[in-house]
Structure formats: C-alpha cells, structure tokens
Amino acid sequence: MLRPAASLDHAWIAAHIPHQGGMCLLDAVLQWDERQLICRARSHRDPANPLRQFGRLGAACGIEYAAQAMAAHGALMAGENAAPRPGMLVSVRGVSLYRARLDDVAADLRVRAERLSGDAGMLMYAFAIEADGAPLLEGRASVLLASPDPMP
C-alpha cells in the first residue's frame, strides 16, 4: 500500500540519486511502497531546464523524469543505512507520447514508476507521467544495475 512521503523533498532526492544541480528534475516523492512510487515535478516549466533544446522541452524528455523516479525508488528500497546500487537505463519499450511537449504543461507533473520485475542485475519498471489527470507519456524501462563491489 502506498504510504505518504511528506519529508522526501527535492533535497532528499538530490542526496540519494546521482543527478545533481539542474539535472535533479524531481521536487518530491509523494507516495511509495516496495513496488512503486509517485513523484511531483515542476522543473518542466523552468526555462533553464538542462533538457530543453531550441527553447522547448520535448515529451520524450519525460523518460529522464521517469528514470530519476526509478533511482529514487531504488534509494528507498536500499534503506537508510545502505547506498543504492548505481544503475543505467539500457532499454525503453512501449513508449507512448500523448503530446509533443512538456514545457507548455501548466500543471505539476505526476511521475509514477512501478517495479514489474527484477533480480540482482536487472530491473524492469513501468512508468507513466500525467498532469491534472491527463496522461502525457507512458512506457517500460530496463535498468542494468552495477555489479556489487567485490568483497575485500
């Protein structure tokens, strides 16, 4: 069951995912459980968003928002005393874009990442982004996890 995450703000996210500065796109984790989380983002409206090109933020950039939500979920699942294993987005599939741009969306983005399966080396997530209840994009992503550090 999703639990509220009132204290998991932008500072918490920046401290727990590799994306820093303007590239940390998420503002807060709103809810989470062992299977999924929901985040809020406002950075799509920021003219200084580092993903913008030619004065606009294409809808496909939402995949990066989803990847950061997956990283935040990994950090939560690692627990307070453990560092999450770094991961790399290696595949996206079944992506549907329901509009061309994100920068002209007035409402905050609601970013959902749901872990579908996984093992010690690979995770599969479904993701969806909406604003004011309207879908913006959705799809699935595979994340390759870094090998654990060898024993000393």
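Please treat every number below as a calculation from the coordinates, not as lab data. This structure is a prediction, so every number in the text was calculated from the model and none was measured. Please note: Cβ atoms are built from the backbone with ideal geometry, for glycine as well, and neighbour counts cover all protein chains shown.
Is it the case that A72 is touching a residue at least 40 places away in the same chain (Cβ under 8 Å), closer than 22 Å to A11 by Cα and surrounded by 16 or more Cβ atoms within 10 Å (Cβ to Cβ)?
Details: touching a residue at least 40 places away in the same chain (Cβ under 8 Å): yes; closer than 22 Å to A11 by Cα: yes; surrounded by 16 or more Cβ atoms within 10 Å (Cβ to Cβ): yes.
When the stated conditions are applied, A72 passes them.
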- [ ] Inspect the range 44-60 for any residue being closer than 18 Å to G79 by Cα and part of a loop (DSSP other than H, G, I, E, B) and give the result as yes or no.
- [x] no
- [ ] Scan the range 89-103 for residues that are over 17 Å from A141 (Cβ atoms) and assigned to a strand (DSSP E or B) and jot them down.
- [x] R101
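Here is a yes/no grid of residues against (1) assigned to a loop (DSSP other than H, G, I, E, B); (2) within 16 Å of M77 (Cα to Cα):
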{"position": "V105", "(1), (2)": "yes, no"}
{"position": "A120", "(1), (2)": "yes, yes"}
{"position": "M124", "(1), (2)": "no, yes"}
{"position": "F127", "(1), (2)": "no, no"}
{"position": "L137", "(1), (2)": "no, no"}
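Yes/no matrix, rows are residues, columns are (1) surrounded by 18 or more Cβ atoms within 10 Å (Cβ to Cβ); (2) farther than 17 Å from P135 by Cβ; (3) free of Cβ contacts under 8 Å to residues at least 60 places away in the same chain; (4) basic (K, R):
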residue	(1), (2), (3), (4)
D9	no, yes, yes, no
A28	yes, yes, yes, no
D33	no, yes, yes, no
Q53	no, yes, yes, no
A67	yes, yes, no, no
V92	no, no, yes, no
S96	no, no, yes, no
V105	yes, no, no, no
